[in-house]
Amino acid sequence: MKKVVMGANVFRKDFPFFARKLVYLDTAATSQKPRVVLDAMRKFYEISNANVHRGVYGLADEATQLYEGARKTIARFINASPQEIVFVRNATEGINLVAQAWGRANIKKGETILITQMEHHSNIVPWQLLVKEKGANLLVATITKAGELDVLAFEKLLEKKPKLVAFTHVSNVLGTVNPVKELTALAHKAGAKVLVDACQSIAHMHVDVRNLNCDFLVFSGHKLYGPFVGVLYGKKKLLEEMPPFLCGGDMIKEVSFEKSSWNELPWKFEAGTPDVAGAVGLAAAVFYLEGIGLANVERQEVELVEYAFKKLQKIKAVQIYGPKTRAGVISFNLGDMHAHDVSTVLDEQGVCVRSGHHCAQPLMGVLGIPACARISIGVYTTKEDIDKFLAALQKAKKVFRL
Ligand code: C6P
């Protein structure tokens, strides 16, 4: 395990991206990739490239071993079994898989699904389509003024006995860290299954599906210092009971013109040729992060986000959204300026921050704003990055005469 020296970022040199002299504060949208991930993918394409689960020649077996080895690594990382790990394109596809395969088989007319006001569109729209098709209802748990889930309101809605509760671990706008284990226990007590969207937590804190006891969990590899591949975790029994989502090659056991039967888990849910290099790269990202240690990552990020939060709070005309205790995301507005204008002025100074509705339009409505700007950090973010951002923001203030 690498030694973590607080205040001095020892990880930045692992990321070739930073040859570009940019202040990259958009890790919540996607993270930069360490050299070990890029090398693992390059090596796969250069010397091990073959399709998986098909050929019986040595090279094909080598590719299959690498792919299935990657699955074992991801499974160990979140304390699941490899059969419970389905490779998908991204978290969005993972949620759609659950909505279509589990949801269509289990949600009936008049039944309910419970989400929260702080969900990303990916954890709203698939459920909207499902309830529309089934004549079911979508309930939404409110957040407090501070930007935390209103647990009492959540518990009240559980009295309506939802079949499924789907919520984010960390809000991509507010940075709020939801008490997943407690919420899951409450939902289970009410008889619901639980889906956790771990997109914004997976790279920043230890996620253990057995400990959380959630039924499904999704995340995107590209936010975990890996490539554009995603992961769906599902409890084995549930995945076994579910019909397939996408159909075609590799997900079948036997096919005739009349009927087909399905492959074992997890391949039942992986139709067609998967992103093998993506899985290999994601496993390399996991090894990289484990080398640092998730506890060290969290400690470093909490310290940095506290620093940024305190400094931002002191700038007149800055409005911050979300609670004080948060993960590595701070959304804000500067006076009445549109967030896109703020982001553009920051960009002119080499500072990359996201602006807009952050794929959380309903949450923007709750906050009473059309958009906001957002900084988000990763293992490579330095105090110097934050200082440069703050200086650029001061300049933006001048430009806008605030
Ligand atoms: N949020 C952001 O800038 P995909 O696009 O499938 O990889 O991830 C979707 C997603 C789902 N849930 C949460 C909580 C998310 O933050 C995201 C992606 C990015 O905030 C891009 S919109």
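The values are calculated or read from the model by the stated rules, or taken from the named source; none is laboratory data. Here the structure is a predicted model, which is why all the values come from computation and not from measurement. Here Cβ is always computed from backbone atoms with ideal geometry, including for glycine, and neighbour counts include all displayed protein chains. Note: areas computed on protein heavy atoms with side chains; ligands, DNA, RNA excluded. Shrake-Rupley method; radii C 1.70, N 1.55, O 1.52, S 1.80 Å.
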Matching residues in region 110-146 - criterion: being open to solvent by less than 40 Å² (accessible area, probe 1.4 Å) and in a helix (DSSP H, G or I)
Ser122, Asn123, Pro126, Trp127, Leu130, Val131
Are any residues in region 193-225 open to solvent by less than 20 Å² (accessible area, probe 1.4 Å), away from the ligand (no atom under 15 Å from the Cβ) and assigned to a loop (DSSP other than H, G, I, E, B), and if so, which ones?
Asp215
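So, in region 17-36, of the ones that are away from the ligand (no atom under 16 Å from the Cβ) and either closer than 25 Å to Cys372 by Cβ or touching a residue at least 12 places away in the same chain (Cβ under 8 Å) (or both), which residue ends up nearest to the chain's Cα centre (by Cα)?
Filtering region 17-36 for residues that are away from the ligand (no atom under 16 Å from the Cβ) and either closer than 25 Å to Cys372 by Cβ or touching a residue at least 12 places away in the same chain (Cβ under 8 Å) (or both), the one nearest to the chain's Cα centre (by Cα) comes out as Pro34.
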Residues in region 112-124: is at least one of a type outside the set (A, V, I, L, M, F, W, C), more than 16 Å from the ligand (Cβ to nearest atom) and over 20 Å from Gln200 (Cα atoms)?
yes
Within region 306-318, can one find any residue that is modelled with pLDDT of 95 or more and over 18 Å from Leu390 (Cα atoms)?
no
Can you work out which of the residues in region 226-239 that are among the hydrophobic types (A, V, I, L, M, F, W, C) and open to solvent by 10 Å² or more (accessible area, probe 1.4 Å) is farthest from the ligand (Cβ to nearest atom)?
Leu238
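Return the residue satisfying two criteria in turn: it lies in region 157-179 and is surrounded by fewer than 24 Cβ atoms within 10 Å (Cβ to Cβ) and either under 30 Å from Ala371 (Cα atoms) or within 11 Å of the ligand (Cβ to nearest atom) (or both), and of such residues it is farthest from the chain's Cα centre (by Cα). Before the answer, list the steps.
From region 157-179, those surrounded by fewer than 24 Cβ atoms within 10 Å (Cβ to Cβ) are 157-161, 163, 177-179; that's our starting set.
Now narrow it down to the ones that are either under 30 Å from Ala371 (Cα atoms) or within 11 Å of the ligand (Cβ to nearest atom) (or both): 157, 177-179.
Values: Leu157: 25, Val177: 13, Asn178: 14, Pro179: 16 Å.
Once the filter is applied, the top-ranked residue is Leu157.
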Looking at region 53-91, which of its residues are more than 18 Å from Pro244 (Cβ to Cβ), β-branched (Val, Ile, Thr) and not in a loop (DSSP other than H, G, I, E, B)?
Thr64, Thr73, Ile74
Which numbered condition in (1) open to solvent by 40 Å² or more (accessible area, probe 1.4 Å); (2) in a loop (DSSP other than H, G, I, E, B); (3) within 16 Å of the ligand (Cβ to nearest atom) is the only one that Pro362 fails?
(2)
